[in-house]
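Reading through the structure tokens given below for one structure.
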């Protein structure tokens with residue numbers, strides 16, 4: 001199917017996509033969450049007519065605009081990169097994956113971009129009501145955009161509603177509702193958007209805490225904190241529930257991902273959850289080494305997370321790589337030869353069709369269909385290739401969870417003291433609050449590492465490995481592009497940070 | 001209802017939708033054209049501020065249209081998406097860069113402490129309005145002149161030219177198309193600004209913009225003439241009755257002849273643009289953008305129709321003609337096209353709210369006094 005796979009090139013392409021996606025994701029959560037927070041502020045202004053709420057709204061809107069521009073700029077890169085660096089993928093799944101992307105553009109981007117102009121420049125040109133509606137439209141548009149791209153992403157994690165067409169050599173959609181309503185899509189959307197609301201709330205808390213420390217704009221800061229901390233706490237509840245659901249869905253559809261982020265090598269009934277630990281990075285599947293140098297395990301918790309019961313069997317990496325007959329688990333080791341038969345029978349089918357040998361084609365197609373569920377495994381060289389990097393996964397997952405717990409505490413503390421009326425005196429809390437936004441970014445990025453590194457080596461789970469999904473490019477070309485983007489992103493990030501800090505220092509317009 | 005349509009009809013409908021999105025993008029290129037006017041038409045800082053802020057209220061629409069255009073090709077014609085983007089790698093990467101730098105420039109240009117300075121962001125806007133548009137023209141030109149690629153049995157692309165798409169910029173037809181788009185965008189940019197600005201605070205700018213409309217139109221005409229003559233005389237790849245792709249003499253002239261609607265749209269488009277320019281320069285009208293824009297839209301439609309129908313190839317392969325793409329072999333399945341057609345029914349609603357917002361925001365022309373507090 002693909003004559004010579006240059007893994008160097010594939011890894012550069014992965015690095016380029018990871019760079020772009022992670023860079024993009026510094027800005028997007030802020031857009032998703034801040035758009036709602038601004039809409040809430042403006043709603044209060046609309047209902048009370050209090051000009052200080054208008055100034056507060058306009059201040060956060062200014063920061064939103066600076067962030068929004070770079071989010072837009074980096075978003076288009078991802079769409080292009082699917083084609084430029086993952087063209088085989090684009091062909092093989094374009095029939096399914098392209099649809100949510102196009103719907104995102106038609107149903108969400110236009111809404112966002114059209115009303116963005118009103119939100120920013122329409123204060124004196126349209127009525128107050130129309131302006132408020134426009135602000136909500138921007139929030140709805142940006143979150144709708146998240147919905148569609150996450151539907152597309154969820155399909156990569158759990159491909160449903162499709163079948164493989166051997167004539168065109170691609171996956172084709174047969175049920176759009178199955179794609180949209182996939183349980184992974186639902187949990188991914190709720191988890192991603194609610195965690196974005198948390199991050200935006202942290203941004204408001206960070207900036208407001210800094211103002212209180214500097215004894216500037218204290219009324220604005222306190223009012224901002226009330227709305228942001230309340231929003232943050234509510235969003236955190238959704239983060240917890242949807243996160244639990246996401247882990248459960250992983251256990252059902254991507255058990256290797258769950259096993260990797262838990263450093264769970266040997267399946268057990270019941271299985272404990274490692275709350276904290278130091279991963280033994282030299283540990284390989286199937287060897288006798290310990291998985292952790294140090295671990296704090298909660299008995300039965302992993303079974304509860306994965307099976308909703310404290311006594312269920314949770315397969316470990318070894319079970320998923322080498323199989324476990326007792327538990328009826330087929331491992332990558334057993335799937336690879338079956339996958340190779342699928343790959344070969346597809347090639348036989350195409351060769352027979354080319355020379356018009358229908359009998360041979362039918363026979364090859366029958367064989368292919370029998371082995372189709374293992375098709376993707378036919379491209380793996382060895383069973384261990386099916387394992388994502390355990391250390392990266394474990395630490396990313398645990399950092400994300402720990403930070404999520406910290407954020408709820410921070411929101412609650414800020415809310416408590418602001419209601420008590422002495423938040424400005426709580427210097428220790430304000431000092432903790434200032435860097436919270438950066439921890440929010442860390443948690444977001446860690447979450448995406450878990451989601452995407454955990455999918456490796458697959459572009460489409462179990463169906464299409466990244467080594468086949470890539471464009472036929474040489475390593476130097478992709479490496480050069482990578483460094484071009486590093487340079488561009490660095491310049492843009494410096495510009496964004498400098499502008500943002502300057503605007504924060506400047507603060508909102510003063511009362512006239 | 002839509003599901004009852006046959007695959008061929010859906011493929012043809014979707015090429016019309018792609019053509020319409022592409023043509024709307026060409027109209028919205030007034031943003032790109034306007035960006036280049038910053039460097040010759042605007043003479044004072046106030047004039048620059050007016051131009052940037054006027055365009056700054058519309059750049060997102062043009063950007064979004066480009067994204068939707070790409071996304072729609074991905075969904076409806078994935079083989080075109082994978083072959084062109086994956087094959088002509090450098091040309092698309094270069095186009096991408098010019099749009100990334102555009103997206104931040106409006107917001108960051110005037111902000112304090114913006115790292116590369118106001119001039120830097122204005123140069124970004126110039127690059128987007130010139131290099132970006134030129135390369136888009138060259139990329140679209142390859143729909144006519146062909147590209148260097150092969151597809152294997154699994155439809156995976158192998159590009160056979162070391163420049164990976166940049167070679168398109170060395171073909172006179174592709175370059176002419178790119179230059180035509182640049183100067184057409186400049187005409188549209190000037191027409192839009194004449195419609196959108198209140199010149200009381202910048203009285204000299206109006207005269208310069210009207211002059212610019214005529215000058216750029218004359219230059220545009222030269223490239224348009226090259227394109228039209230070439231189109232009538234050049235050979236093009238088409239599908240024969242036995243399904244083979246061959247180079248056919250006078251292919252695009254034959255396409256025009258076979259589809260009189262294309263000729264009508266082309267003539268109407270040219271007429272609209274000429275009328276828009278004429279009333280702007282000689283009747284002191286400020287609504288030329290609507291004629292120029294409509295004309296550009298119609299010409300854009302014809303460009304896409306010429307390669308999409310009458311047995312033509314939308315993406316011909318020079319090195320292996322049988323790998324060439326048509327709207328029939330590059331599309332998604334009947335099911336996906338049906339779903340996407342239902343989604344496309346949203347388009348009129350989208351258009352309606354865009355028109356509503358555009359009118360609401362532009363009822364009062366933009367003047368310097370509007371820009372005191374909330375300017376780019």
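Just one of the listed residues (A:225, A:149, A:205) is within 14 Å of another protein chain (Cβ to nearest Cβ), crowded, with 18+ Cβ neighbours inside 10 Å and touching a residue at least 40 places away in the same chain (Cβ under 8 Å), and it is A:149. Kindly provide the set of residues from the range B:275-296 that are in a helix (DSSP H, G or I) and surrounded by fewer than 21 Cβ atoms within 10 Å (Cβ to Cβ), ordered by number. Matches in the range B:275-296: B:275, B:278, B:279, B:281, B:282, B:290, B:294.
Give me a count of the residues in the range A:389-426 that are more than 30 Å from residue A:11 (Cβ to Cβ) and assigned to a loop (DSSP other than H, G, I, E, B).
3
Here residue A:143 does not fit the description of being facing chain B (nearest Cβ under 7 Å) and in contact (Cβ under 8 Å) with a residue 40 or more places away in the chain. Answer with yes or no whether residue B:371 is buried (at least 16 other Cβ atoms within 10 Å of the Cβ), more than 9 Å from every other protein chain (Cβ to nearest Cβ), at pLDDT below 95 and farther than 29 Å from residue A:106 by Cβ. Yes: the conditions hold for residue B:371. Screening the candidates A:481, A:475 for the property of being facing another protein chain (nearest Cβ under 9 Å) and at negative phi yields one hit, A:481.
Taking the conditions exactly as written (more than 14 Å from chain B (Cβ to nearest Cβ), within 19 Å of residue A:406 (Cα to Cα) and not in a strand (DSSP E or B)), does residue A:446 satisfy them or not?
Criteria met by residue A:446.
So which of A:501, A:429 ends up being under 21 Å from residue A:32 (Cα atoms) and either under 27 Å from the mean Cα position of the chain (by Cα) or not in a strand (DSSP E or B) (or both)?
So the residue among A:501, A:429 that is under 21 Å from residue A:32 (Cα atoms) and either under 27 Å from the mean Cα position of the chain (by Cα) or not in a strand (DSSP E or B) (or both) is A:501.
Going through (1) more than 9 Å from chain A (Cβ to nearest Cβ); (2) free of Cβ contacts under 8 Å to residues at least 24 places away in the same chain; (3) closer than 15 Å to residue B:51 by Cα one by one, residue B:122 falls short only on (2).
Of the residues making up the range A:112-140, those that are closer than 21 Å to residue A:185 by Cβ, modelled with pLDDT of 95 or more and crowded, with 21+ Cβ neighbours inside 10 Å number 1. Here the condition is being within 7 Å of chain B (Cβ to nearest Cβ), farther than 20 Å from residue A:160 by Cβ and out of contact with any strand residue (DSSP E or B) (no Cβ under 9 Å at 6 or more places or on another chain); of A:68, A:80, it holds for A:80 alone.
For the range A:93-103, name all the residues that are within 7 Å of chain B (Cβ to nearest Cβ) and in contact (Cβ under 8 Å) with a residue 24 or more places away in the chain. Residues satisfying the conditions are A:94, A:95, A:99, A:101, A:103. Where helices (runs of 4 or more DSSP H) sit wholly within the range B:2-118, those with at least 3 residues that are facing another protein chain (nearest Cβ under 10 Å) and either touching a strand residue (DSSP E or B) at 6+ places or on another chain (Cβ under 9 Å) or closer than 17 Å to residue A:81 by Cβ (or both) occupy B:59-76, B:78-87, B:89-108. Looking across the range B:162-190 at every residue that is outside any helix (DSSP H, G or I), within 13 Å of another protein chain (Cβ to nearest Cβ) and touching a helix residue (DSSP H, G or I) at 6+ places or on another chain (Cβ under 9 Å), the one that is surrounded by the fewest Cβ atoms within 10 Å (Cβ to Cβ) is identified as B:163.
Table: residues versus (1) under 20 Å from residue A:265 (Cα atoms); (2) within 33 Å of the chain's Cα centre (by Cα); (3) assigned to a helix (DSSP H, G or I).
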{"site": "A:326", "(1), (2), (3)": "yes, no, no"}
{"site": "A:338", "(1), (2), (3)": "no, yes, yes"}
{"site": "A:345", "(1), (2), (3)": "no, no, yes"}
{"site": "A:363", "(1), (2), (3)": "no, no, yes"}
{"site": "A:367", "(1), (2), (3)": "no, no, yes"}
{"site": "A:385", "(1), (2), (3)": "yes, yes, yes"}
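With respect to (1) buried (at least 19 other Cβ atoms within 10 Å of the Cβ); (2) farther than 30 Å from residue A:124 by Cβ; (3) touching a helix residue (DSSP H, G or I) at 6+ places or on another chain (Cβ under 6 Å), the lone exception for residue B:313 is condition (3). If you go through the range B:144-161 and pick out every residue that is more than 10 Å from chain A (Cβ to nearest Cβ) and either assigned to a loop (DSSP other than H, G, I, E, B) or more than 12 Å from residue B:317 (Cβ to Cβ) (or both), you end up with 5. Residues in the range A:489-502 that are in contact with a helix residue (DSSP H, G or I) (Cβ under 7 Å, 6 or more places away or on another chain) and more than 7 Å from every other protein chain (Cβ to nearest Cβ) were compared, and the one that is nearest to residue B:83 (Cα to Cα) is A:489. Is it true that some residue in the range A:70-79 is more than 25 Å from residue A:118 (Cα to Cα) and surrounded by fewer than 24 Cβ atoms within 10 Å (Cβ to Cβ)? Checked against the condition, which is being more than 25 Å from residue A:118 (Cα to Cα) and surrounded by fewer than 24 Cβ atoms within 10 Å (Cβ to Cβ), the range A:70-79 yields at least one hit.
Take the residues in the range B:335-365 that are crowded, with 17+ Cβ neighbours inside 10 Å and more than 9 Å from chain A (Cβ to nearest Cβ), then tell me which one is nearest to residue B:44 (Cα to Cα). The residue in question is B:341. In the range B:289-311, the residues that are at positive phi reach residues that are assigned to a helix (DSSP H, G or I) and surrounded by 21 or more Cβ atoms within 10 Å (Cβ to Cβ) with C-beta atoms within less than 8 angstrom, at least six apart or across chains, in these pairs: B:310/B:255. Going by the conditions given, is residue A:336 farther than 22 Å from residue A:158 by Cα and crowded, with 17+ Cβ neighbours inside 10 Å? For residue A:336, the condition - farther than 22 Å from residue A:158 by Cα and crowded, with 17+ Cβ neighbours inside 10 Å - is not met.
The values are calculated or read from the model by the stated rules, or taken from the named source; none is laboratory data. Small disclaimer: the values here were computed from a predicted structure and weren't measured. All Cβ positions, even for glycine, are placed from backbone atoms using ideal geometry, and neighbour counts span all protein chains on display.
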